[in-house]
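A short write-up of the structure that comes next.
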Amino acid sequence: MSNPNQHKAEYKTLILFPLFALAMAFSYKLFIFPNQFAPSGVGGIATMAQYLLEKHFNIHSGAAYLNLLLNIPILIVAWKLVNREFVIKTFTFTLSFSVFLVVLDQFDFGKFIYHTDTGTSTILAPVAAAAVNGAFYGFCLRCHGSSGGTDVVSFCIRHYHPEYNVAWLSFAINAVIACASYFVYGYQFEPVICCIIYSFVLSMMGNKVLQGSKSALKFEIITQHPQELSDDLIKHLNRGVTMLPAEGGYTHEQKSLVICIINKHQVADIQSIISKYPGSFAYITSVSETLGNFVKIK
């Protein structure tokens with residue numbers, strides 16, 4: 001039997017993907033196209049193609065059409081090799097992005113475009129574009145999709161070579177695009193540097209969004225006073241704890257392992273509590289995101 005909540009979530013993500021695509025299309029229009037550098041992935045190839053075509057023909061929205069044309073065969077291959085839900089959501093984004101590029105090309109954004117004639121601020125364009133695009137790229141990944149292009153190619157390659165790292169595959173493809181931009185934009189190093197900066201900031205921002213904002217710290221405490229320690233943690237930190245039996249590997253002494261997930265600002269408090277119980281030993285690990293019931297105990 002189909003799950004209504006699951007269908008509702010799918011419809012919600014399919015609505016979100018066009019909104020992500022609209023935001024990224026604005027970023028291309030305001031930061032990327034006017035500053036003559038290629039972003040990463042298939043979008044970078046399309047951007048360079050539009051730049052070359054506009055030098056010889058009066059063509060508009062070339063990047064939009066080429067972006068869609070390049071992604072379609074990639075997604076057809078990915079339909080067989082990668083998760084189909086991933087392909088559907090990625091195609092939704094790719095189609096929406098291309099459509100929005102065509103629509104936005106009908107409007108004059110001259111007053112809002114980030115660009116100077118001298119080029120002194122051009123280096124900031126990839127930073128601004130990558131910050132915006134990286135955020136929505138991360139949201140796409142969190143919704144089990146992508147913005148198309150490089151990521152899809154990397155997943156397809158990994159289908160045949162599972163030992164390959166997707167991040168390094170994407171980096172290799174983007175490095176080729178960065179090198180190609182040197183020849184496209186008049187044998188200049190600035191477009192290459194802009195492409196590298198864009199790719200780096202995009203990855204950093206995407207990873208940050210993918211990891212989420214619910215970061216925390218996990219304390220694992222080995223103690224002979226599990227109940228007293230747990231009561232203190234619950235009383236003063238308003239956090240739940242988990243107690244597990246533990247045995248020393250050298251002395252075979254019976255102890256307990258107390259696990260507690262806390263917010264980062266509570267580190268000093270938990271250290272003060274642990275110091276009250278002699279012989280207790282604790283170590284800390286970083287938690288990138290918490291799922292489920294991570295709320296204060298009332």
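The values are calculated or read from the model by the stated rules, or taken from the named source; none is laboratory data. Everything quoted here is computed from the prediction, not taken from an experiment. Neighbour counts run over all protein chains shown; Cβ positions are idealised from the backbone, glycine included.
Could you check how many residues of segment 236-249 are out of contact with any Cys (no Cβ under 9 Å at 6 or more places or on another chain) and within 16 Å of SER275 (Cβ to Cβ)?
Matching residues across segment 236-249 total 1.
Among the residues of segment 270-298, how many are closer than 18 Å to THR242 by Cα and at pLDDT 80 or above?
12
Which count do you get for residues in segment 217-244 that are of a type in the set (Gly, Ala, Ser) and either surrounded by fewer than 19 Cβ atoms within 10 Å (Cβ to Cβ) or in the same structural domain as PRO39 (by TED's automatic domain parsing) (or both)?
So the answer is 1.
Give just the number: which of (1) in contact with a strand residue (DSSP E or B) (Cβ under 6 Å, 6 or more places away or on another chain); (2) in a helix (DSSP H, G or I); (3) of a type in the set (Val, Ile, Thr) does ILE221 not satisfy?
That leaves (2) as the condition not met.
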